[in-house]
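Undergrad: Okay, handing you the structure first.
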Amino acid sequence: MKIWLIGGTSDSVILATLLVQAKLPCLVTVTTPEAQLLYPKTPFLEVKSGKIQASQIANFLQLYQIGVIIDASHPFAVEISQNVINFTTSNHLPYLRFERPIYEQFDHPKIFELDSFSSLINSNYLLKQRVLLTIGYQNLPLFKTYHSQASLFARILPNLNSLQVALDSGFTNDRLIAFRPPLNLNLERALWQQWQINTVVTKASGKAGGEEIKAILAQELGVTLIIIARPKITYPNQTNDPQKVLSFCRYFLDNLG
């Protein structure tokens with residue numbers, strides 16, 4: 001039996017490394033070929049890219065002899081998490097969500113949270129501002145009609161798909177920068193200053209996603225930081241402790257093996 005680690009985040013790379021060190025057989029799934037390169041190369045670990053639909057889960061588990069599911073996908077990857085929760089609950093399969101701890105935000109008047117992108121777009125927060133969007137390329141089309149109302153810049157992943165979506169969403173190449181997050185404090189500061197940013201939009205991705213660095217810089221530079229809250233999902237089993245993930249996997253592999 002194998003562990004299915006739903007990956008794509010820096011947290012999932014840490015978990016994969018931990019499982020490899022424990023010599024536990026693991027299959028990691030990510031959405032892009034580029035993300036495959038982030039994981040260690042070892043006989044105990046197999047990494048596959050591509051989106052798995054709800055209708056494919058049963059065959060996927062059988063094909064790869066999956067006995068345990070660890071969901072370490074991005075907090076905003078709602079579809080895969082909900083599909084897997086529904087399937088594992090219905091079929092009584094061991095599922096554990098590894099969730100990034102929610103970053104405790106500073107109490108600062110220029111740092112605040114909104115419940116959705118819709119709330120942001122239907123407000124005046126970005127009007128006539130110089131805005132840096134660090135929200136993932138999938139969300140950039142939401143701002144396609146907003147370029148006439150604000151100076152929009154975006155940070156995207158360094159791959160062709162991200163670039164094409166950004167260009168199709170109205171971003172010119174002089175308003176795009178491609179980096180794999182998170183950036184360190186100095187590099188993040190330099191980017192904000194280079195583009196004279198006065199408003200940053202980010203997702204509540206936790207410390208691992210660079211949220212703390214953005215909050216520190218917002219206070220330092222007097223920049224407004226708008227945080228889009230995580231989607232609300234009810235996880236049936238959840239932890240933020242990597243050692244508990246390891247114990248969970250060992251227990252079920254031993255009992256299923």
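The values are calculated or read from the model by the stated rules, or taken from the named source; none is laboratory data. Remember, it's a predicted structure, so these values are computed and weren't measured experimentally. Don't worry about glycine lacking a Cβ; one is built from the backbone with ideal geometry, like all the others, and counts go over all protein chains shown.
Undergrad: Do we have Gln21 as under 20 Å from the mean Cα position of the chain (by Cα), of a type outside the set (A, V, I, L, M) and farther than 19 Å from Ser162 by Cα here? Break it down stepwise before answering.
TA: Working: under 20 Å from the mean Cα position of the chain (by Cα): no; of a type outside the set (A, V, I, L, M): yes; farther than 19 Å from Ser162 by Cα: yes.
Considered against the rule, which asks whether it is under 20 Å from the mean Cα position of the chain (by Cα), of a type outside the set (A, V, I, L, M) and farther than 19 Å from Ser162 by Cα, Gln21 comes out as no.
Undergrad: In the stretch 199-252, how many residues are in a helix (DSSP H, G or I) and assigned by TED's automatic domain parsing to the domain that holds Lys23? Spell out the reasoning first.
TA: Looking only at the stretch 199-252, we keep the residues that are in a helix (DSSP H, G or I), and these are 207-209, 211-221, 242-252.
Among the residues that remain, those that are also assigned by TED's automatic domain parsing to the domain that holds Lys23 are: 242-252.
The total comes to 11.
Undergrad: Of these, Glu113, Glu104, which one is loosely packed, with under 15 Cβ neighbours inside 10 Å, assigned to a strand (DSSP E or B) and either modelled with pLDDT of 95 or more or not small (Gly, Ala, Ser) (or both)? Steps first, answer last, please.
TA: Numbers: Glu104 fails: assigned to a strand (DSSP E or B).
The unique qualifying residue is Glu113.
Undergrad: Ok, one more. Counting only residues that are assigned to a loop (DSSP other than H, G, I, E, B) and of a type in the set (Lys, Arg), how many does the stretch 143-198 have?
TA: Residues flagged as assigned to a loop (DSSP other than H, G, I, E, B) and of a type in the set (Lys, Arg) within the stretch 143-198 amount to 1.
Undergrad: Among the strands (runs of 3 or more DSSP E) contained in the stretch 1-57, which hold 3 or more residues that are of a type in the set (Val, Ile, Thr) and either at pLDDT 95 or above or not assigned by TED's automatic domain parsing to the domain that holds Asn161 (or both)? Break it down stepwise before answering.
TA: Details: elements: 2-6, 26-30, 45-49.
The qualifying strands (runs of 3 or more DSSP E) are 26-30.
Undergrad: Can you name the number of the only condition in (1) under 29 Å from Ile14 (Cβ atoms); (2) of a type in the set (D, E, K, R); (3) in the same structural domain as Pro182 (by TED's automatic domain parsing); (4) free of Cβ contacts under 8 Å to residues at least 24 places away in the same chain that Arg155 fails?
TA: Tallying (1) under 29 Å from Ile14 (Cβ atoms); (2) of a type in the set (D, E, K, R); (3) in the same structural domain as Pro182 (by TED's automatic domain parsing); (4) free of Cβ contacts under 8 Å to residues at least 24 places away in the same chain, Arg155 fails exactly one: (4).
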